[in-house]
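The values are calculated or read from the model by the stated rules, or taken from the named source; none is laboratory data. Nothing here was measured: the structure is a model prediction, and the numbers come from that model. Glycine gets a Cβ as well: all are built from the backbone with ideal geometry, and neighbour counts include every protein chain shown. To get the accessible areas, we keep the full protein, side chains included, count just its heavy atoms, and leave off ligands, DNA and RNA. Shrake-Rupley method; radii C 1.70, N 1.55, O 1.52, S 1.80 Å.
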Amino acid sequence: QVQLVESGGGLVQAGGSLRLSCAASGRIFSIASMGWYRQTPGKQRELVAAMTSSGSINYADSVKGRFTISRDNAKNTGYLQMNSLKPDDTAVYYCTAAIRTMRYVRENDYWGQGTQVTVSS
């Protein structure tokens, strides 16, 4: 009923920028938090950035000052602007959102399929 679709990944040189998008579609009453995680082979998925519906934002220390999370509530879309990219940022990036599909039901967490970001040195 609810889908999250990421886009915007790709190959970029160190120091470059990418903008990831996460579009939520389907039966959506409201979206509470939206966030971005990343994962590399053999490692646990880690939080990159998260944003609540009230605008409270949390960043991983490794991306502070370089990445910016934002959202367009009218479009049910979240973004991750990534600047000054480093080879260590190479990973599959996943978006997640806590979505309520109807007024009086609890929120559930949904995940996108992931998008590959590769930063070359």
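Out of the residues in the stretch 25-56 meeting the condition of being assigned to a loop (DSSP other than H, G, I, E, B) and within 18 Å of Thr90 (Cα to Cα), tell me which one is least open to solvent (accessible area, probe 1.4 Å).
Taking the stretch 25-56 and keeping what is assigned to a loop (DSSP other than H, G, I, E, B), we get 27-29, 40-45, 52-56.
Adding the requirement that they be within 18 Å of Thr90 (Cα to Cα) leaves 40-45.
Working: Thr40: 42, Pro41: 131, Gly42: 91, Lys43: 138, Gln44: 165, Arg45: 93 Å².
For the stretch 25-56, the residue satisfying everything is Thr40.
Just for the stretch 44-55: of the residues that are more than 14 Å from the chain's Cα centre (by Cα) and at pLDDT below 95, which one is nearest to Ala97 (Cα to Cα)? Lay out the reasoning, then the answer.
Looking only at the stretch 44-55, we keep the residues that are more than 14 Å from the chain's Cα centre (by Cα), and these are 44, 53-55.
Cutting the leftovers down to at pLDDT below 95 gives us 53-55.
On the way: Ser53: 10, Ser54: 14, Gly55: 14 Å.
Residue satisfying both the conditions and the ranking: Ser53.
Could you list all residues from the stretch 82-121 that are under 16 Å from the mean Cα position of the chain (by Cα) and more than 18 Å from Leu4 (Cα to Cα)?
Restricting attention to the stretch 82-121, the residues satisfying the condition of being under 16 Å from the mean Cα position of the chain (by Cα) are 82-83, 85, 89-99, 109-118.
Scanning the stretch 82-121 gives Met82, Asn83, Leu85, Asp89, Thr90, Ala91, Thr118.
Evaluating Glu107 against the criteria (1) within 22 Å of Ser121 (Cα to Cα); (2) surrounded by 12 or more Cβ atoms within 10 Å (Cβ to Cβ); (3) acidic (Asp, Glu) leaves one unmet condition, (1).
Report, by residue number, each residue of the stretch 88-104 that is open to solvent by less than 60 Å² (accessible area, probe 1.4 Å) and in contact with a strand residue (DSSP E or B) (Cβ under 6 Å, 6 or more places away or on another chain).
So in the stretch 88-104, the residues open to solvent by less than 60 Å² (accessible area, probe 1.4 Å) come out as 89-99, 101.
Matches in the stretch 88-104: Asp89, Thr90, Ala91, Val92, Tyr93, Tyr94, Cys95, Thr96, Ala97, Ala98, Ile99.
Against the conditions (1) open to solvent by 40 Å² or more (accessible area, probe 1.4 Å); (2) at pLDDT 95 or above; (3) among the basic types (Lys, Arg), Arg66 satisfies every one except (1). What number of residues within the stretch 7-24 are open to solvent by 60 Å² or more (accessible area, probe 1.4 Å) and more than 17 Å from the chain's Cα centre (by Cα)? Of the residues in the stretch 7-24, 2 are open to solvent by 60 Å² or more (accessible area, probe 1.4 Å) and more than 17 Å from the chain's Cα centre (by Cα).
Just the residues that are more than 23 Å from Val12 (Cα to Cα) and in a strand (DSSP E or B), please, taken from the stretch 79-118. Talk me through it step by step, then tell me what you get.
In the first step, residues of the stretch 79-118 are kept if they are more than 23 Å from Val12 (Cα to Cα); the result is 96-111.
Listed by number, the residues that qualify are Thr96, Ala97, Ala98, Ile99, Arg100, Asn108, Asp109, Tyr110, Trp111.
Applying a threshold of 7 Å to beta carbon distances and a minimum spacing of six or more residues, or different chains, the list of pairs starting in the stretch 23-40 at a residue that is at positive phi and ending at one that is outside any strand (DSSP E or B) and of a type in the set (D, E, K, R) is empty.
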